[in-house]
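Comments concern the structure below.
Just so it is clear, none of the values below were taken in a lab; they were calculated from the coordinates. Please read these numbers as outputs of a predicted model, since none were measured by experiment. Backbone-built Cβ (ideal geometry, glycine too); neighbour counts: all protein chains shown.
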Ligand SMILES: Cc1cc2nc3c(=O)[nH]c(=O)nc-3n(C[C@H](O)[C@H](O)[C@H](O)COP(=O)(O)O)c2cc1C
């Protein structure tokens with residue numbers, strides 16, 4: 001298993017090596033030591049490999065990820081897995097702001113809490129946060145699912161489009177055009193699938209969650225809605 | 001009415017304050033209850049390149065022969081950090097205009113026209129289409145707050161990346177695309193429901209402020225293995241600080257868009273009242289570059305109301321490395337053409353004034369997603385017209401540069417310029433014509 005110690009190897013060398021991997025590479029499991037909060041660790045991957053970061057990552061770890069599985073044994077800085085296309089990113093600690101921002105696909109799992117704007121402008125990514133999320137999470141969320149086992153901060157789902165939000169704990173407030181919606185069987189099944197994928201298994205019962213989504217009232221400019229913003 | 005009666009009344013006089021446009025807007029607002037949204041740039045007169053003149057050669061400065069002596073026009077962008085800088089044959093690029101705001105045919109035409117003369121078009125707030133990639137030899141890919149259509153494959157397919165912080169037409173504003181233009185294809189590229197009125201974000205979702213921007217740029221460089229030039233585009237409001245901060249954040253190039261800059265759809269009040277004129281924005285940006293020792297190392301690309309080769313030459317003389325055009329490129333493709341007058345009349349406007357680009361009913365097939373209207377634009381012919389126009393602008397800029405004795409358009413300098421009025425002299429920091437007076441500089 002290749003090991004790269006960022007205390008001695010420049011980040012550029014690590015990312016360059018990861019970018020060069022062919023789809024059929026047999027170097028499928030990498031360990032990154034001493035990340036020490038460096039930014040853009042394992043950003044821009046496009047191969048079905050596993051990268052384990054042994055420590056805390058800075059901004060944009062696994063940014064724009066495709067195919068790869070990136071596990072962070074620590075906390076992740078701002079914009080972890082931003083604009084992810086596919087694959088999986090697993091933060092074992094907490095995540096800073098804008099986790100999974102604009103993500104288009106794949107699964108982001110955060111074992112701890114996520115700060116403000118988790119899932120902002122998400123475009124198809126699935127995000128499961130085992131702790132709580134900060135204010136303005138799922139702001140302008142377009143597609144995908146955000147699952148929160150803990151609580152959600154203020155203005156959840158503000159100006160949301162078609163993303164689905166599932167929260168087990170309390171929601172401090174809902175943002176403009178975000179409303180609670182009925183949990184039908186299809187939603188329970190989808191939530192179960194997401195919880196299983198995130199390794200939550202039986203510990204969480206889908207019936208404890210509430211679903212939130214768009215009231216779709218702000219989809220067209222209308223003067224009567226001007227006060228909603 | 002007798003002649004006598006007539007003098008009992010005040011002769012009709014329209015107010016300069018309540019002029020026709022202001023009155024019409026009050027009526028429109030009263031009738032609809034919603035602000036006016038439109039395309040294009042500011043329509044009011046602001047100090048501009050027309051207020052500057054070149055001095056040309058004289059006894060102490062000798063000119064170059066028009067057709068015999070070389071006056072180069074190439075510009076290389078991205079020498080600061082990019083492994084693969086790009087070289088444009090002319091110092092005029094095509095500004096970012098989204099597929100969505102423009103038809104696929106228009107985007108293709110922009111790619112064809114730009115490529116024919118060795119310059120770059122730019123994507124826009126809606127992602128990269130295969131048509132524009134395949135017809136553009138050098139393509140700049142925008143990273144906007146909305147991140148519509150953003151993906152790492154297109155990032156790597158691009159020749160340069162432009163991080164859009166703002167636009168001159170609306171510094172501090174996000175994008176708008178009304179439902180009429182959110183066709184199935186546009187909706188899919190943006191991951192939005194078809195037919196909704198889309199408002200894109202005005203702030204980036206995953207960074208705030210100059211220190212974050214530096215880290216964001218680092219991420220983009222890492223993802224693309226430090227190959228691509230990275231531009232930062234700002235709307236002209238605080239150009240001195242924005243230029244300095246973009247340089248500090250690691251930009252290879254700064255794109256500075258003045259208030260005359262066009263837009264696809266923005267509130268009229270925003271277009272007309274936020275931001276500063278292109279002319280006023282260039283000197284502070286150049287000052288920042290010079291103070292940081294980065295002039296000509298970090299390239300400055302200026303846009304907002306560029307119409308002809310004289311504008312190009314003046315922008316370069318003030319210190320820009322290149323200019324960028326939006327509105328003028330659309331006009332070259334056929335926008336607002338008088339031969340469509342009957343159709344403009346039906347839309348309640350006239351050729352030369354049509355700016356309801358957000359409505360998607362453009363008879364020229366440019367600012368529309370209506371398949372029948374879009375099919376009217378022949379991308380090959382329109383591309384050729386754009387190439388012709390770019391060639392003319394370049395020849396004009398060379399003509400002026402040679403007259404000033406310059407063997408490269410980049411050798412034009414502020415000393416070649418004077419201003420026609422005090423405002424322009426103060427903004428451009430060049431003397432009022434016939435004097436040594438630069439308002440605001442030195443003793444006065
Ligand atoms: C139809 C249209 C669409 C535009 N779309 C974008 C865009 O997607 N992103 C962007 O940064 N600027 C956009 N702009 C602004 C241009 O990139 C550019 O800043 C401006 O047009 C330059 O001024 P000019 O039109 O006077 O040449 C758009 C402009 C127009 C006219």
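Listing for the model above:
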| item | result |
| --- | --- |
| Ratio Rg/Rh, restricted to region A:115-229 and using Cα atoms, in which Rh is the Kirkwood radius | 0.97 |
| DSSP bridge pairs, region A:1-133: antiparallel proportion in percent, nearest 5 | 0 percent |
| On Cα atoms only, tilt of A:185-197 relative to the major axis of chain A in degrees | 20 degrees |
| Descending Cα extents along the principal axes, region B:282-327, whole Å | 32, 16, 15 |
| Burial ordering of B:418, A:70, B:409, fewest other beta-carbon atoms within 10 Å first | B:418, B:409, A:70 |
| Volume per residue that the Cα convex hull of region B:203-334 spans, once the total is divided by residue count, Å³ | 129 Å³ |
| Burial ordering of B:48, B:273, A:187, fewest other beta-carbon atoms within 10 Å first | B:273, A:187, B:48 |
| Value of [θ]222 nm, deg cm²/dmol, for chain A, DSSP H segments ≥ 4, -39500 (n - 2.57) each, nearest 500 | -3000 deg cm²/dmol |
| GNM result for chain B, Cα springs below 10 Å: residue of B:307, B:80, B:27 fluctuating most strongly | B:27 |
| Segments B:391-403, A:93-105, B:193-205 sorted - mean Cβ within 10 Å per residue, highest first | A:93-105, B:391-403, B:193-205 |
| Cβ-Cβ FRET estimate between residue B:25 and residue B:384, R0 fixed at 35 Å, reported to 0.05 | 0.35 |
| Semi-axis lengths, Å, region B:291-422, gyration tensor of Cα atoms, sqrt of 5 times eigenvalues | 35, 15, 15 |
| Max mean-square fluctuation residue, GNM over chain B, Cα-Cα springs under 10 Å, options B:73, B:119, B:243 | B:73 |
| Hull volume in cubic angstrom per residue (convex hull over the Cα atoms of region B:143-246) | 105 Å³ |
| Rounded to 5, percent antiparallel among DSSP beta bridges of the protein assembly as shown | 20 percent |
| Residues B:107, B:248, sorted so that the one with the fewest Cβ neighbours within 10 Å comes first | B:248, B:107 |
| Length released on extending from residue B:345 to residue B:290, taking residue separation times 0.36 nm less the Cα-Cα span | 14.8 nm |
| Stokes-Einstein translational diffusion, the protein assembly as shown - Kirkwood Rh over all Cα pairs, 0.692 mPa s, 37 °C, in µm²/s | 124 µm²/s |
| Compactness index (Cα Rg / 2.2 N^0.38 Å), region A:3-228 | 1.03 |
| Additional length obtainable on full extension of the chain from residue B:396 to residue B:35, 0.36 nm per residue less Cα span | 126.0 nm |
| Within 10 Å of each Cβ in B:212-220, the average number of Cβ atoms from other chains | 6 |
| DSSP beta bridges in chain A [antiparallel fraction, %, rounded to 5] | 15 percent |
| Estimated 222 nm signal from helices in chain B, with DSSP H stretches of n ≥ 4 weighted -39500 (n - 2.57), rounded to 500 | -10000 deg cm²/dmol |
| When the convex hull of its Cα atoms is projected in every direction, mean area for region B:172-233 (nm²) | 5.5 nm² |
| Three semi-axes of the equivalent ellipsoid, chain B, Cα gyration tensor, whole Å, largest first | 33, 31, 22 |
| Of A:189, A:114, A:62, the one that fluctuates the most in a GNM where chain A has Cα springs shorter than 10 Å | A:189 |
| Angle in degrees between helix A:11-20 and the longest Cα principal axis of chain A, rounded to the nearest 10 | 90 degrees |
| Cβ neighbours within 10 Å from other chains - mean over A:93-103 | 3 |
| 10 Å Cβ neighbours from other chains, averaged over peptide A:36-44 | 4 |
| Highest-first arrangement of B:220-231, B:14-25, A:131-142, where packing means the average Cβ count within 10 Å | A:131-142, B:220-231, B:14-25 |
| Over region A:1-117: Rg over Rh, Cα atoms, Kirkwood Rh | 0.93 |
| Ordering of B:337-347, B:374-384 by packing [mean C-beta count within 10 Å, highest first] | B:374-384, B:337-347 |
